[in-house]
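**Student:** Sharing a structure with you now.
What follows is calculated from the coordinates using simple rules that are stated; it is not laboratory data. No experiment lies behind these values; they were computed from the predicted model shown. Note that we place each Cβ from the backbone using ideal geometry, even for glycine, and neighbour counts take in every protein chain shown.
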C-alpha cells in the first residue's frame, strides 16, 4: 500500500493531515491508542516543519505512507530547502527544565522518538526527508 | 477548537472541545491566561470533550506550571479519553499533574484545605 498527500506549510491544514493518516491506517486494525500515536507522530513532525519554515517557502510538505512486509513507513519530505538536521545530535529536553523555562514547545520530537521504532532524517534530491518506521507485527489490536 | 470557561464557585473550569494541536493551542493558552488574569486560585481543565491533543497542548499546560506554583494556584485535570491520557503517559507528564477520572474527584482535590 502506498498513499500520498501534499499539504501547504500552514497549521490550518494539520487537521486534514491527521484525517488522511487516520483513514490510511484504519484498515490495519490497530488499537485506537496505537492509531492515535501514529497520527500524532506525523502531526508532530509536520507541525515542527510548519512552525520553523523559512519565510520564503512556497512549496508543500509531501507525506507518503507505505505498508510493506509488516512495516509501516511514513516519509515526510520537507521541500523548503532548509539545512539538514542531525538526529544523532538531538538531545531530548528534560521536562523539569521545560517547566522552569515556561517554554511552550520542545516536546514534539521526543514524542515522535517514543512512538516510532525508527526515526531517520536525511537528504534526498535537495529535500530533507523524515522517515518514520514502526513494526506492525506486535501492534495489531487483539 | 473552542474552550468553554465556566466559573463554579471559586473553581474556574476550562472545557476544551475538539482537537488541541499546534494551530489551536493559542486558544487554549488564552483561556488559561484569562482565568489567571481574573484571579483564579483553582483551575480545573475538563477534557471530556477533547478528542485529540498534541505536544502543543501539553506544552501549554507545562508552560503554566511554574507560575501556578509561584502564585499558589491549584490545577486539576479530569475526564481524559484513553487516547488523550496516553499522550501524557508517553512523556511521563501524567506523574507531574493532578489527573482525575471525573469532575467530582477533581473538585474534591481542589476543595481540600
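**Student:** Which of the peptides A:127-133, B:35-41, B:59-65 is most tightly packed, and how do the rest follow, judged by the mean count of other Cβ atoms within 10 Å per residue?
**Tutor:** Result, highest mean Cβ count within 10 Å first: B:59-65, A:127-133, B:35-41.
**Student:** Separate question: Just counting partner chain Cβ atoms within 10 Å, what average do the residues of peptide B:81-92 show around their Cβ?
**Tutor:** What the average comes to for B:81-92 is 4.
**Student:** Now, a different point. Averaged over its residues, how many other protein chain Cβ atoms are within 10 Å of peptide A:96-107's Cβ atoms?
**Tutor:** 6
**Student:** Then there is this: Can you tell me, using C-alpha contacts under 8 Å and at least 6 residues apart, the relative contact order of the range A:2-139 as a whole percent?
**Tutor:** Taking the mean separation of contacting Cα pairs over the length of the range A:2-139, I get 27 percent.
**Student:** Sticking with this one: Using helices alone, I'd like the mean residue ellipticity at 222 nm for chain B: each DSSP H run of four-plus residues gives -39500 (n - 2.57), total over residue count, nearest 500.
**Tutor:** -13000 deg cm²/dmol
**Student:** Per 0.36 nm of contour for each residue apart, how much would the distance between residue A:32 and residue A:101 grow if the chain were fully extended, relative to their Cα-Cα spacing?
**Tutor:** Length gained, residue A:32 through residue A:101: 21.5 nm.
**Student:** Could you order peptides B:25-33, A:99-107, B:43-51, A:62-70 by the average number of other Cβ atoms within 10 Å of their residues, highest first?
**Tutor:** Result, highest mean first: B:43-51, B:25-33, A:99-107, A:62-70.
**Student:** Within 10 Å of each Cβ of A:11-20, how many other protein chain Cβ atoms are there on average?
**Tutor:** That average works out to 3.
**Student:** Please state the shape class of chain B: rounded when a/c is under 1.5, otherwise prolate if a/b exceeds b/c and oblate if not, all from the C-alpha gyration tensor.
**Tutor:** rounded
**Student:** Ok, one more. So what's chain A giving for Cα Rg divided by 2.2 N^0.38 Å, two decimals?
**Tutor:** 1.05
**Student:** For the protein assembly as shown, what is the convex hull volume of its Cα atoms per residue in Å³?
**Tutor:** 133 Å³
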